[in-house]
1. Can you pull the one-decimal nm distance between simple spin-label points at Ile148 and Leu92, each 7 Å off the Cα toward Cβ?
2. Between the DSSP loop rule and a limit of at most 13 other Cβ atoms within 10 Å, which trypsin sites (Lys or Arg not before Pro) in region 1-59 are left?
3. Using a 1.4 Å probe, how large is the accessible area of Val12, given in Å² and rounded to the nearest 10?
4. On a 1.4 Å probe surface of the protein chains, which of Tyr114, Tyr109 comes out largest in accessible area, and what is the full order?
5. Can you tell me the 0 to 90 degree angle between the C-alpha axis of helix 23-47 and the longest principal axis of the chain, rounded to 10?
6. In deg cm²/dmol and to the nearest 500, what is the mean residue ellipticity at 222 nm of the chain if only DSSP H runs of at least 4 residues count, each as -39500 (n - 2.57), divided by the residue total?
7. Helix 94-123 against the longest principal axis of the chain: what's the angle in degrees, Cα atoms only, rounded to the nearest 10?
8. Rank these residues by their accessible area, most exposed first, probe 1.4 Å: Asp22, Asp130.
Amino acid sequence: VVPVDRIERREVEDWEGPRLPDWRRAVAGFLLGVIVIAAVAALIAALVPERLAEMRRLILARPIHTLWLGFLALSAVIGAGVLFAITIIGLLFTPAMLLLAFLGGFAGYVVAAYAFGVGLLLAFGKSEPDSLGDRVIAAGVGAMVAGIIGLIPLLGWIFVLALVLSGLGAITLRVIRPVFFSGAA
C-alpha cells in the first residue's frame, strides 16, 4: 500500500535502546513541583488567610467528610461533562468541565497540602500559623512531605488522591455550603 521509496529500513544493531533516566532532571522537576505548590499555597495564605484557615480547620477536623464531599464534587463535575457530551449540543461544554475538574483538583491539592503541613507542625508541638511567615513554612512543609509520600509506589498515589479530594471537599464546603439531610421537610 505504501510506495517503496517511502519505506526506510533500519538495522536492529543501530538501535540504541532505552536510555537511563536523568536523575538531575527528575530531582529538579520534583523540587520545582514542590516550590510551585508551596508558592501557590503561600499566595493564597497571603491573600485570603481566614478562608484558607477555615478550609484547613475543616480538613483537619473532619477529613473523611471533606474527602467524601470532594469525591462527590469531582464526580458531579466529570459527570456533567459526560452529560453535556451526550446532548451533542453541549459537546462544546465538555472541555470546559474537564478543565474545571483539573483546576478543582489542583486547587484541592494546594489547600490540602497546606492543611497537611499545618497538621504536621501541630503534631510536632507548633502553634497554629498566625503570621505570613508561619503560613509559608506550613505550605512548604506540607508540599515537601506530601510530595515525598507521593513518590511511594501505589500508596503515594492513593495519598495524593486523598489530598486532592479532601481539599476539593473543603473548597466545596466553603464555597457552596451544601446541606444534606437537613431535617427540613
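The values are calculated or read from the model by the stated rules, or taken from the named source; none is laboratory data. All values derive from a computational prediction rather than experimental measurement. We place every Cβ from the backbone using ideal geometry, glycine too, and count neighbours over all the protein chains shown. Ligands, DNA and RNA are excluded from the accessible area calculation, which covers all protein heavy atoms including side chains. Shrake-Rupley method; radii C 1.70, N 1.55, O 1.52, S 1.80 Å.
1. With each label placed 7 Å out from Cα toward Cβ, I get 5.0 nm.
2. Within region 1-59, the qualifying trypsin sites (Lys or Arg not before Pro) (loop, at most 13 other Cβ atoms within 10 Å) are Arg9, Arg10, Arg19.
3. 120
4. Reading off the accessible areas and sorting them downward yields Tyr109, Tyr114.
5. Taking the Cα atoms of the chain, the angle to 23-47 is about 30 degrees.
6. Calculated at 222 nm, the ellipticity per residue is -25000 deg cm²/dmol.
7. 60
8. Asp130, Asp22
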